[in-house]
Amino acid sequence: MSKKLTFLILSGPTKEYIDPVRYISNESSGKMGLALACYAVKNGHKVIFISGEVKEYPKRVELVKVTTALDMFKASKFKLQTADIIISVAAVADYRPAKFQKHKIKKSDNSMLLELKKNPDIVKYCGKNKSNQVVAGFAFETQNLLANAKLKLRSKKLDLIVANGRDSFGYDKTTAHLVSSNGVIKIENRSKKFIAGKIIDETVRILENIKSFKNNA
Ligand code: CTP
(Lines give C-alpha, C1' and ligand atoms only; values in the text may rest on other atoms or scores of the structure.)
Protein backbone atom coordinates (compact mmCIF):
# COMPACT_ATOMS: atom_id res chain seq x y z
CA MET A 1 0.00 0.00 0.00
CA SER A 2 1.71 3.18 -1.15
CA LYS A 3 -1.14 5.34 0.15
CA LYS A 4 -0.36 7.81 2.88
CA LEU A 5 -2.09 6.63 6.06
CA THR A 6 -2.87 8.38 9.32
CA PHE A 7 -1.54 6.72 12.47
CA LEU A 8 -2.81 7.62 15.94
CA ILE A 9 -0.12 6.58 18.42
CA LEU A 10 -0.64 6.74 22.19
CA SER A 11 2.57 6.68 24.18
CA GLY A 12 4.34 7.48 27.44
CA PRO A 13 3.17 7.35 31.05
CA THR A 14 0.16 9.07 32.57
CA LYS A 15 0.36 10.97 35.86
CA GLU A 16 -2.52 10.80 38.33
CA TYR A 17 -2.37 13.62 40.86
CA ILE A 18 -3.17 13.00 44.53
CA ASP A 19 -2.59 16.61 45.61
CA PRO A 20 -0.79 19.57 43.95
CA VAL A 21 2.67 18.06 44.54
CA ARG A 22 2.19 14.28 44.48
CA TYR A 23 1.13 11.82 41.83
CA ILE A 24 0.97 8.15 40.81
CA SER A 25 2.90 7.29 37.65
CA ASN A 26 5.31 4.73 36.17
CA GLU A 27 8.72 4.40 34.52
CA SER A 28 7.58 4.33 30.87
CA SER A 29 10.28 6.00 28.73
CA GLY A 30 8.14 6.25 25.61
CA LYS A 31 10.99 4.78 23.52
CA MET A 32 8.82 2.26 21.68
CA GLY A 33 6.23 4.95 20.90
CA LEU A 34 9.03 7.15 19.57
CA ALA A 35 10.38 4.31 17.38
CA LEU A 36 6.88 3.56 16.02
CA ALA A 37 6.26 7.22 15.15
CA CYS A 38 9.70 7.67 13.51
CA TYR A 39 9.24 4.60 11.32
CA ALA A 40 5.73 5.65 10.25
CA VAL A 41 6.89 9.20 9.41
CA LYS A 42 9.93 7.86 7.52
CA ASN A 43 7.54 5.80 5.40
CA GLY A 44 5.53 8.88 4.43
CA HIS A 45 2.59 8.47 6.81
CA LYS A 46 0.91 11.12 8.96
CA VAL A 47 1.23 10.58 12.71
CA ILE A 48 -0.93 12.02 15.49
CA PHE A 49 1.09 11.38 18.64
CA ILE A 50 -0.71 11.63 21.98
CA SER A 51 1.83 11.34 24.76
CA GLY A 52 2.39 11.61 28.48
CA GLU A 53 5.50 13.47 29.60
CA VAL A 54 8.73 11.87 28.28
CA LYS A 55 12.30 13.02 27.57
CA GLU A 56 12.10 12.81 23.78
CA TYR A 57 9.16 13.37 21.41
CA PRO A 58 9.12 12.42 17.72
CA LYS A 59 9.56 15.12 15.07
CA ARG A 60 7.26 15.81 12.11
CA VAL A 61 4.14 14.56 13.96
CA GLU A 62 1.00 16.26 15.23
CA LEU A 63 1.91 16.22 18.92
CA VAL A 64 -0.73 16.26 21.65
CA LYS A 65 0.81 16.37 25.14
CA VAL A 66 -1.34 15.04 27.97
CA THR A 67 -0.95 14.42 31.68
CA THR A 68 -3.67 12.15 33.06
CA ALA A 69 -5.40 9.04 31.70
CA LEU A 70 -8.61 11.06 31.44
CA ASP A 71 -6.79 13.69 29.31
CA MET A 72 -5.43 10.93 27.06
CA PHE A 73 -8.87 9.35 26.80
CA LYS A 74 -10.48 12.67 25.80
CA ALA A 75 -7.78 13.43 23.19
CA SER A 76 -7.98 9.88 21.77
CA LYS A 77 -11.78 9.98 21.41
CA PHE A 78 -11.45 13.33 19.63
CA LYS A 79 -8.90 11.99 17.10
CA LEU A 80 -10.12 8.39 16.76
CA GLN A 81 -12.16 8.75 13.57
CA THR A 82 -9.39 10.65 11.76
CA ALA A 83 -6.99 7.68 11.91
CA ASP A 84 -6.58 4.56 9.78
CA ILE A 85 -4.41 2.76 12.32
CA ILE A 86 -4.41 3.24 16.09
CA ILE A 87 -1.55 1.89 18.23
CA SER A 88 -1.47 2.24 22.01
CA VAL A 89 1.86 1.65 23.71
CA ALA A 90 0.95 4.12 26.47
CA ALA A 91 1.51 3.07 30.06
CA VAL A 92 -1.88 4.26 31.21
CA ALA A 93 -2.34 4.19 34.98
CA ASP A 94 -5.08 1.66 35.65
CA TYR A 95 -6.32 3.71 38.64
CA ARG A 96 -6.45 7.35 39.71
CA PRO A 97 -7.05 8.86 43.15
CA ALA A 98 -10.81 8.95 43.81
CA LYS A 99 -10.46 12.51 45.06
CA PHE A 100 -7.92 15.20 44.18
CA GLN A 101 -6.94 17.15 47.31
CA LYS A 102 -6.66 20.84 46.47
CA HIS A 103 -4.02 21.44 49.15
CA LYS A 104 -0.93 19.43 50.04
CA ILE A 105 -1.94 16.56 52.32
CA LYS A 106 -0.41 16.96 55.77
CA LYS A 107 0.95 13.91 57.54
CA SER A 108 -0.97 12.88 60.64
CA ASP A 109 -1.61 9.21 61.49
CA ASN A 110 0.94 6.41 61.15
CA SER A 111 -0.88 5.00 58.17
CA MET A 112 -3.26 6.36 55.58
CA LEU A 113 -5.57 4.86 53.02
CA LEU A 114 -5.75 6.23 49.50
CA GLU A 115 -8.92 5.40 47.62
CA LEU A 116 -8.41 4.74 43.89
CA LYS A 117 -10.89 4.70 41.04
CA LYS A 118 -10.52 2.71 37.80
CA ASN A 119 -9.47 4.68 34.72
CA PRO A 120 -11.12 4.03 31.34
CA ASP A 121 -9.40 1.46 29.14
CA ILE A 122 -8.50 3.67 26.19
CA VAL A 123 -7.39 1.08 23.64
CA LYS A 124 -10.46 -1.04 24.49
CA TYR A 125 -12.68 1.96 23.71
CA CYS A 126 -10.83 2.35 20.36
CA GLY A 127 -11.23 -1.39 19.63
CA LYS A 128 -14.95 -1.33 20.36
CA ASN A 129 -15.61 1.82 18.34
CA LYS A 130 -13.45 1.20 15.25
CA SER A 131 -14.85 1.23 11.73
CA ASN A 132 -12.62 -0.30 9.04
CA GLN A 133 -9.63 0.74 11.16
CA VAL A 134 -6.84 -1.31 12.67
CA VAL A 135 -6.36 -1.08 16.45
CA ALA A 136 -3.21 -2.47 18.07
CA GLY A 137 -2.13 -2.65 21.69
CA PHE A 138 0.67 -3.99 23.83
CA ALA A 139 0.58 -6.54 26.64
CA PHE A 140 3.24 -6.52 29.32
CA GLU A 141 3.10 -9.81 31.19
CA THR A 142 5.26 -11.50 33.82
CA GLN A 143 3.48 -14.85 33.50
CA ASN A 144 1.41 -16.78 30.91
CA LEU A 145 2.60 -14.33 28.25
CA LEU A 146 0.80 -15.61 25.17
CA ALA A 147 -2.38 -16.79 26.92
CA ASN A 148 -2.84 -13.41 28.62
CA ALA A 149 -2.03 -11.53 25.40
CA LYS A 150 -4.63 -13.54 23.46
CA LEU A 151 -7.22 -12.78 26.16
CA LYS A 152 -6.48 -9.04 25.83
CA LEU A 153 -6.63 -9.27 22.02
CA ARG A 154 -10.18 -10.64 22.25
CA SER A 155 -11.54 -8.68 25.20
CA LYS A 156 -10.32 -5.32 23.83
CA LYS A 157 -11.39 -6.16 20.24
CA LEU A 158 -7.87 -5.51 18.91
CA ASP A 159 -6.47 -6.55 15.54
CA LEU A 160 -2.94 -6.99 16.87
CA ILE A 161 -1.31 -7.20 20.27
CA VAL A 162 2.40 -7.07 20.95
CA ALA A 163 3.26 -9.32 23.89
CA ASN A 164 6.30 -8.38 25.93
CA GLY A 165 7.81 -10.27 28.82
CA ARG A 166 9.91 -9.11 31.76
CA ASP A 167 13.02 -8.72 29.54
CA SER A 168 11.48 -5.77 27.65
CA PHE A 169 11.77 -3.33 30.53
CA GLY A 170 14.68 -0.91 30.32
CA TYR A 171 16.68 -2.88 27.73
CA ASP A 172 17.36 -1.73 24.19
CA LYS A 173 17.06 -5.22 22.70
CA THR A 174 14.05 -7.35 23.46
CA THR A 175 11.88 -10.25 22.31
CA ALA A 176 8.34 -9.50 21.17
CA HIS A 177 5.43 -11.63 19.99
CA LEU A 178 3.05 -10.11 17.45
CA VAL A 179 -0.26 -11.83 18.17
CA SER A 180 -3.24 -11.57 15.81
CA SER A 181 -6.00 -13.81 14.47
CA ASN A 182 -3.41 -15.02 11.93
CA GLY A 183 -1.20 -16.49 14.65
CA VAL A 184 1.98 -15.46 16.42
CA ILE A 185 5.12 -13.89 14.94
CA LYS A 186 8.08 -14.14 17.33
CA ILE A 187 10.83 -11.53 16.95
CA GLU A 188 13.78 -12.56 19.08
CA ASN A 189 16.36 -10.30 20.67
CA ARG A 190 16.13 -7.35 18.29
CA SER A 191 16.28 -3.61 18.84
CA LYS A 192 13.09 -1.71 19.68
CA LYS A 193 13.57 0.20 16.39
CA PHE A 194 13.57 -3.05 14.41
CA ILE A 195 10.50 -4.35 16.27
CA ALA A 196 8.69 -1.02 15.76
CA GLY A 197 9.17 -1.36 11.99
CA LYS A 198 7.74 -4.88 12.02
CA ILE A 199 4.72 -3.70 14.06
CA ILE A 200 3.95 -0.83 11.66
CA ASP A 201 4.36 -3.14 8.62
CA GLU A 202 2.04 -5.72 10.21
CA THR A 203 -0.68 -3.15 11.01
CA VAL A 204 -0.54 -1.88 7.40
CA ARG A 205 -0.82 -5.48 6.13
CA ILE A 206 -3.88 -6.11 8.35
CA LEU A 207 -5.48 -2.88 7.09
CA GLU A 208 -4.89 -3.94 3.47
CA ASN A 209 -6.64 -7.25 4.23
CA ILE A 210 -9.64 -5.49 5.81
CA LYS A 211 -9.95 -3.14 2.80
CA SER A 212 -9.60 -5.88 0.16
CA PHE A 213 -12.09 -8.09 2.05
CA LYS A 214 -14.56 -5.18 2.08
CA ASN A 215 -14.02 -4.46 -1.65
CA ASN A 216 -14.60 -8.11 -2.57
CA ALA A 217 -17.71 -8.50 -0.36
N1 CTP B 1 -4.37 0.40 28.11
C2 CTP B 1 -5.26 1.45 27.87
N3 CTP B 1 -5.95 2.00 28.91
C4 CTP B 1 -5.79 1.56 30.16
C5 CTP B 1 -4.88 0.50 30.43
C6 CTP B 1 -4.19 -0.07 29.37
O7 CTP B 1 -5.40 1.85 26.71
N8 CTP B 1 -6.47 2.12 31.16
C9 CTP B 1 -3.69 -0.23 26.97
C10 CTP B 1 -2.18 -0.15 26.96
O11 CTP B 1 -1.72 1.00 26.28
C12 CTP B 1 -1.81 -1.43 26.19
C13 CTP B 1 -2.92 -2.41 26.57
O14 CTP B 1 -4.01 -1.61 27.03
O15 CTP B 1 -1.83 -1.23 24.81
C16 CTP B 1 -2.58 -3.43 27.61
O17 CTP B 1 -2.05 -2.81 28.75
P18 CTP B 1 -1.53 -3.69 29.99
O19 CTP B 1 -1.00 -2.76 31.04
O20 CTP B 1 -0.65 -4.82 29.51
O21 CTP B 1 -2.83 -4.41 30.51
P22 CTP B 1 -4.13 -3.96 31.25
O23 CTP B 1 -5.23 -3.92 30.25
O24 CTP B 1 -3.90 -2.69 32.03
O25 CTP B 1 -4.41 -5.20 32.21
P26 CTP B 1 -3.53 -5.77 33.43
O27 CTP B 1 -2.84 -4.58 34.05
O28 CTP B 1 -4.58 -6.37 34.30
O29 CTP B 1 -2.58 -6.78 32.83
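The values are calculated or read from the model by the stated rules, or taken from the named source; none is laboratory data. Keep in mind that this is a model prediction, so the values were computed, not measured. For neighbour counting, all protein chains shown are included, and Cβ atoms are generated from backbone atoms with ideal geometry for every residue, glycine included. Ligands, DNA and RNA are stripped out before the accessible areas are found, and what is left, the full protein with its side chains, is counted by its heavy atoms. Shrake-Rupley method; radii C 1.70, N 1.55, O 1.52, S 1.80 Å.
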Any idea what the relative contact order of the chain is, in percent, if you count C-alpha pairs under 8 Å spaced at least 6 apart?
20 percent
For the pairs LYS102/LYS150; LYS55/LYS211; LYS118/LYS214; LYS157/LYS214, note any where the Cα-Cα span goes beyond 30 Å.
LYS102/LYS150; LYS55/LYS211; LYS118/LYS214
Extending each Cα 7 Å along its Cβ direction at SER131 and ILE210, get the distance between those two points in nm, one decimal.
1.3 nm
Counting chymotrypsin sites (Phe, Trp or Tyr not before Pro) as exposed when in a DSSP loop with at most 14 other beta carbons within 10 Å, what is the longest stretch of the chain free of them?
1-99
Express in % the proportion of alpha carbon pairs of region 62-181 at distances exceeding 23 Å.
44 percent
Compute and list, largest first, the equivalent-ellipsoid semi-axes of region 1-151 from the alpha carbon gyration tensor, each √(5λ) rounded to a whole angstrom.
31, 17, 14
Cα Rg, Dmax, region 151-217, angstrom units:
13.5, 45
For region 109-217, state which GluC sites (Glu not before Pro) are in a DSSP loop and have at most 12 other beta carbons lying within 10 Å of their beta carbon.
GLU115
How about region 84-146: which trypsin sites (Lys or Arg not before Pro) there lie in a loop by DSSP and see at most 13 other Cβ atoms within 10 Å?
LYS99, LYS102, LYS104, LYS106, LYS107
Candidate span helices, the chain: DSSP H, at least 24 Å along axis from Cα coords, Kyte-Doolittle average at least -1.0, result 192-216
Per residue of the chain, what 222 nm ellipticity follows from adding -39500 (n - 2.57) for every DSSP H run with n ≥ 4, rounded to the nearest 500?
-9500 deg cm²/dmol
When the Cα centres of region 123-200 and region 1-75 are compared, how far apart do they sit, in Å?
17 Å
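Could you list, in their original order, any pairs among LYS31/LYS79; LYS74/LYS186; LYS65/LYS173 whose Cα atoms are separated by more than 31 Å? Could the numbers behind the result be given before it?
On the way: LYS31/LYS79 22 Å; LYS74/LYS186 34 Å; LYS65/LYS173 27 Å.
As for pairs spanning more than 31 Å Cα to Cα, those are LYS74/LYS186.
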Carbon and sulfur atoms account, in whole percent of the 1.4 Å probe accessible area of region 35-155, for 51 percent
Given points 7 Å out from each Cα along the Cα-Cβ axis, report the ARG166 to THR82 separation in nanometres with one decimal.
4.2 nm
Can you give the relative contact order of region 105-217 as a percent, counting alpha carbon pairs under 8 Å and 6+ residues apart?
19 percent
Note down the relative contact order for region 1-86 as a percent, whole number, built from C-alpha pairs under 8 angstrom at least six residues apart.
38 percent
Just read off the accessible area of MET32 with the full protein assembly in place, 1.4 Å probe, to the nearest 10 Å².
20 Å²
